[in-house]
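Contents: one structure, followed by commentary.
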Amino acid sequence: MMDLDFNQYIDLFVEETKEHLQIMNEALLELEKDITNRSLIDEIFRVAHTLKGMAGTMGFNNISNLTHEMENVLQEIRNNTIKLNEDIIDIIFECFDVLEYSVNFIAVNGEEEEDSYDNLINRLRSITKKEQVQLTVNDGIIPNNKEETSLNQYAINAMKEAEKKGFSSYKITINLNPKCVLKSARAFIIFNTLESMGDIIYSNPPVEDIEDEKFDLEFTIILISKVNKEELKRKLESIAEIDNINISNINYRDLSGEQKNIEFQESKKLKELDEYVINIIEEAKEKGLNSYKITISLSSQCMLKSARAFIIFNTLESMGDIIYSNPPVEDIEDENFDLSFVVILISKVDGYKLKEALEGIAEVEKVDITLIEDVKKAIGKEGTSTKMNVQHKSSPSNMKDNKTNIVNREKKIGKTVRVDIDRLDNLMNLVSELIIIKTRMDDLSESSNRENMVEAIEYLERITTSLHDAVMKVRMVPIERVFNRFPRMVRDLSKELNKQINLQMLGEETEVDRTVIDEIGDPLIHIIRNSIDHGIEMPEERTRLGKPEEGKLILKAYPDGNNVVIEVIDDGRGIDPVKVKDKAIQKEIITEQEGDMLSEDEIVALLFTPGFSTSDKVSDLSGRGVGLDVVKSKIESINGSVEIETNINIGTKFIIRIPLTLAIIQALLVRLGNEIYAIPLSSITEITDIKKEDIRDIQGQEIMLYRGKTIPVVKLNKLLNIDFNEDVDEYVVVVVRKGEKQAGLLVDSLIGQQEIVIKPLGKYLSKIKYLSGATILGNGSISLILDVNSLI
Amino acid sequence: MSSEIDNKYVISKLGDEYYGIPINNVISIEKMGTTTRVPNAPKYVTGVTNLRGEVVPIINLRKKLDMEEHEADKNSRIVIVNVDNIVAGLTVDSSSEVLEIHKDNIDKPPSNENNQFVEYVSGIGKTSDKLIILLNLRKILEY
């Protein structure tokens, strides 16, 4: 049961984490451009914090530790204790990469990676440390007394503000004369004097205690003032009954640093509560035993601390079991401890009795006993993460099952679609309408009223069409999902290549089918890399050519009928057809004669042939010979097409056309001989008639005139081995297009337009030419779908 | 349990000979239905058929094995197989039984014969009353 739940949460965790990481990515990229933007830092901080929490509850300690350190650094940046610089951004980017990687790792394996990212964590820590050391060196060190550590954040903030405004902070310790009779009145005068010169932001003991005379002879205050030290001293000395005045400058940084350290130690302490301890506590709880956290302070006069501790331990052991001690028992034995130590005791005895017993021991100054009711609570946030682990550990068999379950995770994860609830509601409505029409048809079948039947069928038709639309919409995701990884990629590439690139993305909201999204990413990465690597020139060269130093890369998506068009446009050097031709001849892709016959466009299209790479030098990024041919085949595998438009020194434009969806399309059914074929409507531009004599034969290629252009005529019957009826003098021509190219397909007759469900032909027939799939017609027979791309 | 299944074969007849297909690869045995011709496919591909909503290619086993044609009759069957995720139907004259042939009773295919037929055979199974030609599906579905 637990396995199931855990798996379910992993899916959720992965999905949500990815979203958060995406936000972080965007914010980071923005931040890099505008390093002073505080709201972006806040945003990143917020994401790191959320991730920490999420990873914590899932028991992914490494992620949670890393994000914790990120949070620390970001917090310092927010506090202005650290100045944000490029190095820090780089490190945060690295953290982002690591996080992204580990989330993917979790998605595949269902558990966290072993690596605890120590390297990154240390680097993050060194940021905070370095800065702090610098500051303390600059500002001079002030001894930290114990009470300062209890300075609250308010005081620190107040000092910070004060410093900004040019005020100084002083720590003033005042000893009153033991003969002083009205201590609180005297203190009142001192406070008044100080308030006249500045603001008292802190006092130890607190002001209330001083008023109630609940203090010895000494008190400490922190004063924010413009008055200098000497002046202060002079003023104070004028007050009677003061024995000693000690004034020192104080720096909040030391204090906040100190605080951090203490918090850190505290959290470390808590972390030290290992799973073993938590396990026992949980077990004890189940058995009805109490767990107590006992803090014992020995009197400072205690001579033999370890012996005393030994007695205390003995007393406790007589009442229960000590399962944890801080410092560890060995250290206590060796007298390696201050005056206080903490133990966790499991016992049936109640708290009061414990306290009584302990206080009965000599030289024990203070005993503090708290009942641990909830391990989670007791060890705070850190604990939640450990707790998850505990659950795992306690069910090792479950874990194993988990792992076997996880083997097949890979396929399952990442195929989810987040759906707007409105779209689901719409779907629900349509399904209920479907049920209504079903009952209506049931009624009709009894009465068999023909007119009503026709009406009902029309109604049904309308519902199924809407249902189809609705389901399609559910499957649609904005192309943003693919695009959003590019800003980072472009940034990294431009850094690596020392090129300046301005990436513009347009139409990210364009929606495409989920299955298309998965396929389009890799080809786009390839094209963008090509544009940056080969297309856009180095800044110097660009200046020489009179172009702006910064190269422009535009990524544009827009819907076009049943297709989505994605364009990748750069303003780089363009593609030189002469170079391409030479290379093609050199690589024996074409002969020299063939080369002379080809038009420039055709030559450029040679880039898509396998084994072609024009870059003179092989770079790390692209130009390894695995090139655009892969892009082309990948895009064609999803019924898309890709074209290049290029102008030397002006730029290159890659135009990718992909279908909106892969599953259901509108198609034209045509008859060839006695067979029926389907032509996707999206590639049809027009249906027309042509007289036999208007088809001209030019050097074996039959062409026709269509809207002032000559386009090739494809005799489908010949390609598909179907008898061709030569006797008619007029043919039906279906004009199809693939990008800018057109062709006329000769068919025997038209059947009509229909919505068809595309079924793959299967692996066995995947290499058959001219076919892209099959569909099942109303009568159950199969009709093949023509692959227009391969016909042109 | 698994070893028993490994040894089981669906036995089909082509002409006078018996052919065995490992039962692990067999999805179902169907009666002949209508097929749609696939242009430009190899000759032995009869076409594609609609098998409960899936498009399945049908291979004429006789043609594939270079045997003479045989008109389909009421005994004709299509054995739907799945090999390495390639799903296809093989037409046979008839198919009626499942036999268990132990590994010890399988001989290597004759290697002296120099015809193509041999490469489609993975072994010859011996049962009490007949010899069964065991088909190498992987080779048959290759093209």
Note to self: C-alpha centroids of the stretch A:439-475 and the stretch A:313-372 sit apart, in Å, by 79
Ranking A:Thr515, A:Ile35, B:Thr35 by how far each Cα lies towards the positive end of the charge dipole of the protein assembly as shown (+1 on Lys and Arg Cβ, -1 on Asp and Glu Cβ), the top one is B:Thr35
Shape descriptor, chain B: equivalent ellipsoid semi-axes (Cα gyration tensor, sqrt 5λ, whole Å, largest first) stand at 24, 17, 14
Scaled by the rule-of-thumb 2.2 N^0.38 Å, the alpha carbon Rg for the stretch A:656-744 gives a ratio of 1.16
Once the mean of 1/r over all distinct C-alpha pairs in the stretch A:1-92 is inverted, the Kirkwood radius in Å reads 13.9
The stretch A:641-792, Kirkwood Rh and Cα Rg, ratio Rg/Rh at 0.99
For chain B, the per residue accessible area (1.4 Å probe, Å²) is 55
Interface residues of the stretch A:756-785, defined as losing at least 40 Å² of accessible area versus the chain alone with a 1.4 Å probe, are A:Lys759, A:Lys763, A:Tyr764, A:Leu765, A:Ile768, A:Ile776, A:Ile782, A:Leu784
With every protein chain kept in place and a 1.4 Å probe, the stretch A:446-486 has an accessible area per residue in Å² of 64
Expected output for the stretch B:13-55, residues with a loss of 50 Å² or more in accessible area relative to the chain alone at probe 1.4 Å, reads B:Thr36, B:Arg37, B:Pro39, B:Asn40, B:Asn50, B:Val55
For the stretch A:667-771, the dipole about the Cα centre with charges only on Cβ (Lys and Arg +1, Asp and Glu -1), to the nearest 20 debye, works out at 740
For A:Gly673, the residues 5 or more places away or on another chain with a placed amide H closer than 5 Å to its own amide H are A:Asp748
Ignoring ligands and nucleic acids, chains A and B bury, in total, an accessible area (1.4 Å probe) to the nearest 100 Å² of about 1900
Note: A:669-681 gets an average of partner chain Cβ contacts (10 Å, Cβ to Cβ) equal to 1
Diffing the stretch A:754-762: the Karplus 3J(HN,Hα) column from phi (6.51, -1.76, 1.60, θ = phi - 60°), in whole Hz with x for Gly and Pro, holds 8, 7, 10, 9, 7, 10, x, 6, x
Cα-Cα longer than 21 Å, checked against A:Lys759/B:Lys63; A:Lys33/A:Lys165; A:Lys171/A:Lys229; A:Lys285/A:Lys348, kept in input order, equals A:Lys759/B:Lys63; A:Lys33/A:Lys165
Per residue, accessible area of the stretch A:1-97 with a 1.4 Å probe, heavy atoms of protein chains only, in Å², comes to 42
Treating only Lys and Arg (+1) and Asp and Glu (-1) as charged, each at its beta carbon, one finds that the protein assembly as shown has a dipole about its Cα centre, in Debye to the nearest 20, of 640
Net charge (Lys, Arg +1; Asp, Glu -1) of residues whose beta-carbon lies under 9 Å from that of B:Asp84, B:Asp84 excluded, is +2
Descending packing, highest mean Cβ count within 10 Å first, for A:566-575, A:478-487 is A:566-575, A:478-487
In whole Hz, the Karplus estimates of ³J(HN,Hα) for the stretch B:123-136 (6.51, -1.76, 1.60; θ = phi - 60°; x where Gly or Pro) are x, 10, x, 10, 10, 4, 10, 8, 9, 10, 7, 8, 8, 8
Fraction of alpha-carbon pairs in the protein assembly as shown farther than 36 Å apart, rounded to whole percent, equals 70
Diffusion coefficient in µm²/s returned for the stretch A:420-534 by Stokes-Einstein, Kirkwood Rh over C-alpha pairs, 10 °C and 1.306 mPa s, is 88
Heavy-atom accessible area of the protein assembly as shown with neighbours in place, 1.4 angstrom probe: carbon+sulfur share in percent works out to 49
Burial-style ranking of A:324-337, A:584-597, average other-beta-carbon count within 10 Å with highest first, yields A:324-337, A:584-597
Note on the protein assembly as shown, DSSP bridge orientation, antiparallel percent to nearest 5 equals 90
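The values are calculated or read from the model by the stated rules, or taken from the named source; none is laboratory data. None of these values were measured; they are calculated from a predicted model. Positions of Cβ are generated from backbone atoms using ideal geometry, with glycine treated the same way; all protein chains shown enter the neighbour counts. Remember, those area values only see protein heavy atoms, side chains included, never the ligands or the DNA or RNA. Shrake-Rupley method; radii C 1.70, N 1.55, O 1.52, S 1.80 Å.
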